[in-house]
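Down below is the structure, laid out as structure tokens.
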Amino acid sequence: FVRYWLHHEFAQIDSKRIGKSEGNAITLKQLADKGIAPISYRYWLLTGQYRHTMNFTWEAVEAAQVALQRGWRIFNDLQGSGKPNTKYLAHFEKVLYDDFNTPQAIAVLWDLLKDDSVSPGDKKETILIFDTVLGVGFNGAFSRREKLSLPVVTEKDIPEDIVQHVEARELARREKDFHKADEIRDSLKKQGYTIEDGPEGPVVKHT
């Protein structure tokens, strides 16, 4: 049933080939043990063009997860009904037909998320169509366990620097650096923000 088959270039770790003899192979379980959701790894892979070698580092995959978290927060704040935006759909299709350029497809996704000229409802409907190709969870088609690994933080009226501090705290918590996590929480409290850790991730409130 497959009409096309693409040979993806190899992934490397710290610019070295992955091999048993190298002793540097990493499994999805190891990713999960470090607090990285498999869907975040998928997102990271999509940020590279399939013809190019990708260099795996923990920092790169963690940054991909942070980006996916931010995209989910923006998406979750979208309200109202709408219809797909034909301009963005055409752009998305164009870059994918250009030798399956997934990095540009991700860029189109972010352009839409940040475009205030498109109504929230239209954004939501368009992104849901994007996700039928990307499969990075905007349509909710992934496990609850994976979803819980993506912190849910209310975006409204929260400055970007505060959001970045919250993300840094979550990273510290995943790495079990609870002293640093507490320091960040105390710092945020002094700036007028509290964090409540719930079953679906941290919720930020302005005091």
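The values are calculated or read from the model by the stated rules, or taken from the named source; none is laboratory data. Source: prediction; values computed, not measured. Positions of Cβ are backbone-derived with ideal geometry, glycine not excepted, and every protein chain shown enters the neighbour counts. Calculation scope for accessible area: heavy atoms of the full protein, side chains included, ligands and nucleic acids excluded. Shrake-Rupley method; radii C 1.70, N 1.55, O 1.52, S 1.80 Å.
A search for C-beta distances below 7 Å between a residue of region 172-190 that is part of a helix (DSSP H, G or I) and open to solvent by 60 Å² or more (accessible area, probe 1.4 Å) and any residue that is at pLDDT 85 or above and not β-branched (Val, Ile, Thr), counting only pairs 6+ apart in sequence or on different chains, returns Arg173/Ala181; Arg185/Arg169. Name the single residue, out of those in region 33-44 being without any contact (Cβ under 8 Å) to a residue 40 or more places away in the chain and open to solvent by 40 Å² or more (accessible area, probe 1.4 Å), that is farthest from Ala63 (Cα to Cα). It comes out as Asp33. Of the set (1) open to solvent by 100 Å² or more (accessible area, probe 1.4 Å); (2) over 27 Å from Glu167 (Cα atoms); (3) not aliphatic (A, V, I, L, M), all apply to Asp98 but (1).
If you filter region 132-160 down to residues that are open to solvent by 60 Å² or more (accessible area, probe 1.4 Å) and over 18 Å from the mean Cα position of the chain (by Cα), you find that the one that is modelled with the highest pLDDT is Asp157.
Of all residues in region 10-59, those being within 23 Å of Asp99 (Cβ to Cβ) and in contact with a Phe, Trp or Tyr (Cβ under 7 Å, 6 or more places away or on another chain) number 4. Residue check: Arg51 meets all listed conditions (1) closer than 30 Å to Ser119 by Cβ; (2) over 11 Å from the mean Cα position of the chain (by Cα); (3) not β-branched (Val, Ile, Thr) but one, namely (1).
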